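Here's the structure, in structure tokens; my notes come after.
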Amino acid sequence: MVESGSKHTARTEAPSLIRRAGYLLVLGCSSRKRQVKGRVPALELYDGVNFRVVRAFLNQHGWPPGLCIKILSAKYGLIEATDQVEHYDQRLDQATAYNINSKVMESFANFGEAASVFVNLGKDYLPAIKGIEHLFDKKRIVHAVGGIGRKMAQMKQWLNSLPSKTATLPGVGSGRHYLYFFPDWDDYVTEPFLHETENESGLEKTKQYAHEVFGADATPYDGMLVSLAQLYTGKGALSRLKADTVKKTDLRKAMKIPERLLLFGDCGAFSYASKDKPPFTPEEAASLYHRFGFDVGASVDHIPLAEIVIKNDKGELVRQVLTKSKRRCRMQLTAQNAEAFLATCKRHRYKFVPVGVIQGLNTESYVHYVHEYLDMGYQHIALGGLVPKPDSEILAICSAVRQAIQNRTRIEKENVWLHLFGILRPMIQPSFRLLGVSSFDSASYLRKAWLRSDQNYLAADGSRWYSSIRVPLSSSKRLKEAAKEKNISEERLSEMEMRCLLALNNFDGSHKAHLEVMESVNNYGPLLQRRGEDNHFFEKYNQLLNDRPWEKCHCEVCRNLGIDIVVFRGAGRNKRRGFHNTWVLYNKILRGH
Ligand SMILES: [Zn+2]
């Protein structure tokens, strides 16, 4: 199973612990299982009532420090709740339970003295733990008794009696958190929104970030992630401030960030992934976070990518493979930087919360560095470099990291804050929450508004994606060229464009209006089609006009824009559609309101 037998497991399984520490929950596998694809954490596979209770508890309260959940499985023997397993159909009978007894005892012996052990097993499973009272202090073992309902209630009570604190962030309280940070790359819109048919003369226009458009109370994120990379890329609010003379409140002021939102700084490691070294030393990064008034600051990492893109002597972009040793050097540099970063934060008594960013090559190396960072004294850690990895690998890494953290926090009063950089994976997002991830950031729902060809608008209930209706700007170079090729004059081109905009503006759901939109848009939009591309939008536009999903959304931008929110055209509409997607993500998918 994941990490079993590795030196880290050996190091943290508790023979070295003299104190009674950690909480052990022993559960039997349930025949009722979820229909899962591939390997998932065991905790997610079983669907018996006990597992539902444990999952609900973890989702609501997070992982108590030092809680280890072990499951007796008919197929796998004694496994950790975080081990990756596949669906199977096998029941544990008494004979098998007898057979695995010695292995189970060995695993319990390796656990060391526990502060409390809770056993919730059916009678067929009991032979597997025969002799448990010789390994743990009898007074500290609680056996669930009675029918399944009573047993479940006792387990709930036991779980509720465990310490449940996790290291926190400024102003967010000490409860369970699953915070969403919105990365900033100058994603603002010009307010008010003006339709092409409206007269804009004399109107005062302002640039507004999503938190200004929605207002402080309805902002669909808990904080903003601002990258120090803005300082040299020339994009973003940081690039417009002077680090030497800046006041601590200037960045918040410039971005009009409401008090309740956290300001999280990172180094933007993907922006310098092709360079040999990060552009900042840990001391410089810490000093910048301090001067710009960040609440949270990430250490300086360097992604150990398998391949980078660099400029050759002729100035052409070419791919370059990074050797294993170079990749390892980047991981080590990341860890050295983390250590120096924490030291400098302590030395200068900076007020922001330091977050140690871990880079790894595989599950083992991420776990290795979790131990190192906790040794350094970090209470907040983040996993970087996950973005190019497939869901299954990310899930395996997060599960193993959780297991490592649980082993390590057996003597702690507080658990560790865990952040995932750049990760939003709809299919496994609930698993992240279950695995005790405290926060993440991603701009993918914002960017889907204009980057994906047929998934641009998220339904108000988060259940499906819609395409958007393409009405490109007639003034764009590409469209002008496409029109010229088809002998369409510029004047005719802008007439065609205006016909689309008017048809959309006049759309009232009637059959006639529907046809007019379809006809005008299908005459005009496909001019820009890439070669070999069918007009596959026809069906999708029909669906949009039939469903009218914007009418079902109560977010500020949909209420203001109406049908224009599903029109693919320029930043005014596209970014607002991204704001809407972010709003649905936050309110419906993450919070389930
Ligand atoms: Zn909306």
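The values are calculated or read from the model by the stated rules, or taken from the named source; none is laboratory data. Since the structure is predicted, the reported quantities are computational estimates derived from the model, not experimental observations. Cβ placement follows ideal geometry from the backbone for every residue including glycine, while neighbour counts extend to all protein chains displayed. Keep in mind that these areas ignore ligands, DNA and RNA; they rest on the heavy atoms of the full protein, side chains included. Shrake-Rupley method; radii C 1.70, N 1.55, O 1.52, S 1.80 Å.
Tabulated values for the structure
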{"read-out": "Residues located in segment 567-584, provided they are hydrophobic (A, V, I, L, M, F, W, C) and either touching an Asp or Glu at 6+ places or on another chain (Cβ under 8 Å) or within 11 Å of the ligand (Cβ to nearest atom) (or both)", "value": "F579, W583, V584"}
{"read-out": "Residue match in segment 308-323 (condition: surrounded by fewer than 24 Cβ atoms within 10 Å (Cβ to Cβ), within 21 Å of G422 (Cα to Cα) and aliphatic (A, V, I, L, M))", "value": "yes"}
{"read-out": "Count of residues meeting criterion [of a type outside the set (G, A, S) and open to solvent by 20 Å² or more (accessible area, probe 1.4 Å)] in segment 438-450", "value": "3"}
{"read-out": "Test: I148 is out of contact with any Asp or Glu (no Cβ under 8 Å at 6 or more places or on another chain), open to solvent by less than 10 Å² (accessible area, probe 1.4 Å) and of a type in the set (V, I, T)", "value": "no"}
{"read-out": "Segment 346-373: number of residues that are open to solvent by 10 Å² or more (accessible area, probe 1.4 Å) and part of a helix (DSSP H, G or I)", "value": "9"}
{"read-out": "Evaluation of L527 against (1) assigned to a helix (DSSP H, G or I); (2) at pLDDT 95 or above (one fails), failing number", "value": "(2)"}
{"read-out": "Residue in segment 77-96 that is assigned by TED's automatic domain parsing to the domain that holds S31, among the β-branched types (V, I, T) and open to solvent by 30 Å² or more (accessible area, probe 1.4 Å) present", "value": "yes"}
{"read-out": "E516 open to solvent by less than 70 Å² (accessible area, probe 1.4 Å) and away from the ligand (no atom under 15 Å from the Cβ)", "value": "yes"}
{"read-out": "Members of segment 437-464 that are within 16 Å of the ligand (Cβ to nearest atom) and assigned to a loop (DSSP other than H, G, I, E, B)", "value": "Q455, N456, A459, A460, D461, G462, S463, R464"}
{"read-out": "Out of F108, F136, sole residue that is open to solvent by less than 50 Å² (accessible area, probe 1.4 Å), of a type outside the set (K, R) and assigned to a loop (DSSP other than H, G, I, E, B)", "value": "F136"}
{"read-out": "Within segment 538-566, considering residues that are open to solvent by 70 Å² or more (accessible area, probe 1.4 Å) and in a helix (DSSP H, G or I), the one farthest from the ligand (Cβ to nearest atom)", "value": "F538"}
{"read-out": "Any hit, segment 494-512, residues being open to solvent by less than 20 Å² (accessible area, probe 1.4 Å) and within 24 Å of V584 (Cα to Cα)", "value": "yes"}
{"read-out": "Hey, T334 closer than 21 Å to T281 by Cβ and either aromatic (F, W, Y) or in contact (Cβ under 8 Å) with a residue 12 or more places away in the chain (or both) or not", "value": "yes"}
{"read-out": "Which numbered condition H211 fails, given (1) assigned to a loop (DSSP other than H, G, I, E, B); (2) modelled with pLDDT of 90 or more; (3) under 23 Å from W583 (Cβ atoms)", "value": "(1)"}
{"read-out": "Qualifying positions in segment 29-66 - part of a strand (DSSP E or B), in contact with a helix residue (DSSP H, G or I) (Cβ under 6 Å, 6 or more places away or on another chain) and either buried (at least 23 other Cβ atoms within 10 Å of the Cβ) or of a type in the set (A, V, I, L, M, F, W, C) (or both)", "value": "P41"}
{"read-out": "Answer residue from segment 451-464, given it is hydrophobic (A, V, I, L, M, F, W, C) and crowded, with 18+ Cβ neighbours inside 10 Å and is farthest from the chain's Cα centre (by Cα) among those", "value": "A460"}
{"read-out": "Residue match in segment 235-248 (condition: among the charged types (D, E, K, R), part of a loop (DSSP other than H, G, I, E, B) and in contact with a Ser or Thr (Cβ under 7 Å, 6 or more places away or on another chain))", "value": "no"}
{"read-out": "Boolean, K123 is assigned by TED's automatic domain parsing to the domain that holds E80, touching a residue at least 12 places away in the same chain (Cβ under 8 Å) and not hydroxyl-bearing (S, T, Y)", "value": "no"}
{"read-out": "Set P426, P388, P430: member being part of a helix (DSSP H, G or I), under 26 Å from D222 (Cβ atoms), open to solvent by 20 Å² or more (accessible area, probe 1.4 Å) and of a type outside the set (A, V, I, L, M, F, W, C)", "value": "P430"}
{"read-out": "Residue list for segment 257-285, filter: more than 25 Å from the chain's Cα centre (by Cα) and assigned to a strand (DSSP E or B)", "value": "none"}
